[in-house]
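One structure is given below, encoded as structure tokens.
The values are calculated or read from the model by the stated rules, or taken from the named source; none is laboratory data. These figures come from a predicted structure and were not determined experimentally. Ideal geometry is used to build each Cβ from the backbone, glycine not excepted, and the neighbour counts take in all protein chains shown.
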Amino acid sequence: MRIHPAAVAVAFVCSCSKGSSTGSFDGTLTKLAIEVDYATNAQPASAADGTVYDLVRANIGRLYQGTNVTVDIPSAVSSLEELKDVTGQDFTGDQLQAIAAKHRSQTSSSTTLAFYVVYVDGYYNDGTQTRKDVLGVSIGNTGVIGMFAPVIKEVGAGGRLPTQTQRFASETTLIHEISHAIGLVNNGVELTSAHQDSANGKHCTSTECIMYYTNESTNSLRDFVIRVVRDGNTVLFDSACLADIDNAHAKK
Ligand SMILES: [Zn+2]
Ligand SMILES: [Zn+2]
């Protein structure tokens with residue numbers, strides 16, 4: 001079976017993975033692990049002291065608040081693996097999967113939900129064209145997420161604080177995509193109120209929520225990042241999405 005990548009364009013334009021969230025909320029999960037590699041010249045932006053993924057940790061941690069699930073994601077750029085054998089101008093989903101097949105060290109099990117994130121120094125190739133508007137892609141329910149460094153840098157370049165904007169653009173994209181895989185919005189986790197933007201798939205109707213879908217350009221994501229992210233520990237879900245998650249935990 002060919003797995004079609006779901007493009008997560010800038011501003012979260014995506015036809016994201018419809019993978020089942022079974023297991024995420026049944027009490028058997030003890031760890032959510034996110035492994036990150038980067039190709040030469042595609043190193044993710046960090047804070048001045050080299051820390052990364054505080055925002056991912058805070059947000060995915062919030063989704064498992066009150067449970068015994070730990071979120072395992074690197075906290076320093078210096079601990080990420082540089083891939084010197086990944087080159088190319090653009091990458092198809094199959095090519096990203098081939099990188100994962102070679103370099104991924106952790107896969108999901110009955111107790112661990114694992115993601116493999118790879119930053120490449122090139123663009124997404126959707127099979128017919130090179131997509132200069134796509135920040136990241138999630139490949140089916142393989143847990144493989146490709147991140148496109150030139151697009152992330154472009155989003156950052158329009159911000160007043162380019163490095164910080166890049167970092168948050170990258171981290172918000174990861175949070176959005178992982179949250180789809182976990183089950184938002186109505187993607188395995190049941191709704192507790194009418195907040196699904198059904199016209200746009202598994203997204204939230206609130207413009208203030210990280211699960212909001214917008215079909216605009218890089219400017220939309222930049223605006224979201226600048227407007228919503230005030231520090232590295234902001235919870236970016238609205239109350240409706242959090243209520244869905246908390247209800248799923250309560251029912252297990
Ligand atoms: Zn989405
Ligand atoms: Zn929401």
Revision key, fill the gap. Checked 154, 177, 171 against criteria (part of a helix (DSSP H, G or I), among the acidic types (Asp, Glu) and either at positive phi or surrounded by fewer than 22 Cβ atoms within 10 Å (Cβ to Cβ) (or both)); the one match is 154
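Residue-by-condition table, conditions (1) surrounded by 13 or more Cβ atoms within 10 Å (Cβ to Cβ); (2) modelled with pLDDT of 95 or more; (3) more than 30 Å from residue 250 (Cβ to Cβ):
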{"residue": "77", "(1), (2), (3)": "yes, no, yes"}
{"residue": "91", "(1), (2), (3)": "yes, yes, yes"}
{"residue": "107", "(1), (2), (3)": "yes, no, no"}
{"residue": "116", "(1), (2), (3)": "yes, yes, yes"}
{"residue": "122", "(1), (2), (3)": "yes, yes, yes"}
{"residue": "140", "(1), (2), (3)": "yes, no, no"}
{"residue": "148", "(1), (2), (3)": "yes, no, yes"}
**Study point:** Top-ranked residue of segment 188-208 - restricted to ones that are modelled with pLDDT of 90 or more and either more than 12 Å from ligand 2 (Cβ to nearest atom) or acidic (Asp, Glu) (or both), ranked as farthest from residue 34 (Cα to Cα)
**Key:** 199
Review point. Here are some conditions: (1) in contact with a strand residue (DSSP E or B) (Cβ under 8 Å, 6 or more places away or on another chain); (2) surrounded by 16 or more Cβ atoms within 10 Å (Cβ to Cβ); (3) more than 17 Å from residue 79 (Cβ to Cβ); (4) not charged (D, E, K, R). Residue 52 meets all but one. Which one does it not meet?
Key: (3)
Revision key, fill the gap. All conditions in (1) touching a Cys at 6+ places or on another chain (Cβ under 6 Å); (2) part of a strand (DSSP E or B) are true of residue 145 except (1)
Practice item. Could you grab me the full set of residues in segment 64-116 that are more than 17 Å from the chain's Cα centre (by Cα) and part of a strand (DSSP E or B)? Key: 70, 76, 81, 82, 83, 90, 91, 112
